[in-house]
Amino acid sequence: GASKLDADPQGNPLFFTKENFSNGDMGTVDVIYPTFPLPLYYNSKLAEAILNPIFYYCESGHWTRPYSPHDMGTYPIANGRTEEEGMPVEETGNMLAMVAALAQDEGNASYAEKHWSVLSKWADYLLENGMDPENQLTTDDFAGPSAHNANLSAKAIMGIACYGRLAEMLGKKDLAKEYTDTARKMATQWMAMAKEGNHYKLTFDRPGTWSLKYNLVWDKILNLNIFPK
């Protein structure tokens, strides 16, 4: 009920979501992310329409950072961010995962190919910043920002693996191998850094903590085989 279907000047569909109980942000990436399976199931073009505004913004020149924006602005005008909300690893991993899920659903990576420059920039950002993230928010923003977050690191690894899968689908074999192999090496490093007895820690530097590693779900859904079963 708080969503809006619109179109860009070329007639391409744009589907905006709105945060109802926070600050009214539109097209929030970590709100789109848990919503995404529904439009993907019903109509992949609607799923594309949800992603279109983010790419439109990033490719317009108005968003210049090397990671995904958090949102498109405050309802009712999607005119970009006026102040930064610090979820760079979270939102970047989310975008790569959603595009990979879309490609699997559609049976091709043509949508990813149209936005390859931005996706490549995001994958490289995760390579440089995702293994041991700096202090920042995750989608669990009620918990506040944290550094060395193990679940956020897992999201970054999945994002890199998703980029490798997209490269494979586009016939970029060398690129696919490079990013997939790197994701597997990072997964091995992650297990060593996060392991504590019979569980994995909330953050790499805090013993006696734990969290549900829900970001690993993409390894199973997309059959990426990055982490051991």
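The values are calculated or read from the model by the stated rules, or taken from the named source; none is laboratory data. These numbers come from a predicted model, not from an experiment. Using ideal geometry, Cβ is built from the backbone for each residue, glycine included, and neighbour counts are taken over all protein chains shown. Surface accessibility is based on the protein's heavy atoms, side chains included, excluding ligands, DNA and RNA. Shrake-Rupley method; radii C 1.70, N 1.55, O 1.52, S 1.80 Å.
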Practice task
Can you send over the solvent-accessible area of residue 29, 1.4 Å probe, protein chains only, in Å² to the nearest 10?
Solution key: 0
Completion exercise
Residues whose built amide H sits under 5 Å from the amide H of residue 86, excluding neighbours closer than 5 in sequence, are 137
Fill in the blank from the handout: Once all protein chains are kept in place, residue 172 shows an accessible area at probe 1.4 Å, nearest 10 Å², of 80
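Dipole size in debye (nearest 20) for the stretch 90-228 around its Cα centre, Lys and Arg Cβ +1, Asp and Glu Cβ -1?
Values: 14 positive and 18 negative charges, 77 e Å.
Dipole size: approximately 360 debye.
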Problem - Accessible carbon and sulfur surface of the chain relative to its total accessible area, %, 1.4 Å - result: 53
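Local charge sum around residue 229 (other residues, Cβ-Cβ under 11 Å, Lys/Arg +1, Asp/Glu -1)? Before the final figure, lay out the partial values.
Details: positive: 220; negative: 219.
Local charge sum for residue 229: 0.
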Completion exercise
Given unit charges at Cβ for Lys, Arg (+) and Asp, Glu (-), the dipole magnitude of the stretch 149-229 about its Cα centre in debye, nearest 20, is 120
Handout entry: Using alpha-carbon coordinates, inclination of helix 44-58 to the longest axis of the chain, degrees
Key = 90
Exercise for the section: Note down the accessible area of residue 70, probe 1.4 Å, to the nearest 10 Å². Expected result: 10
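Semi-axes of the equivalent ellipsoid of the stretch 1-83: what are they in whole Å, largest first, if each equals the square root of 5 times a C-alpha gyration tensor eigenvalue? Working shown, then result.
Details: eigenvalues 68, 49, 30 Å².
Gyration-tensor ellipsoid for the stretch 1-83: 18, 16, 12 Å.
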Problem - Selection from 133, 224, 164 lying farthest towards where the dipole of the stretch 109-229 points positive, charges on Cβ - result: 224
Handout entry: the stretch 98-219: relative contact order as a whole-number percent, Cα under 8 Å and 6+ apart
Key = 24
Practice task
May I ask for the distance between the Cα centers of the stretch 47-95 and the stretch 138-188, given as a whole number of Å?
Solution key: 19
Handout entry: Share of alpha-carbon pairs per 5 Å distance bin for the stretch 165-229, given as whole %
Key = 4, 16, 21, 22, 17, 10, 7, 4, 1
Fill in the blank from the handout: For the stretch 1-41 the translational diffusion coefficient, Stokes-Einstein from a Kirkwood Rh over Cα pairs at 10 °C and viscosity 1.306 mPa s, in µm²/s, is roughly 143
Completion exercise
Helix 173-194: inclination vs the chain longest Cα principal axis, degrees, rounded to 10, gives 50
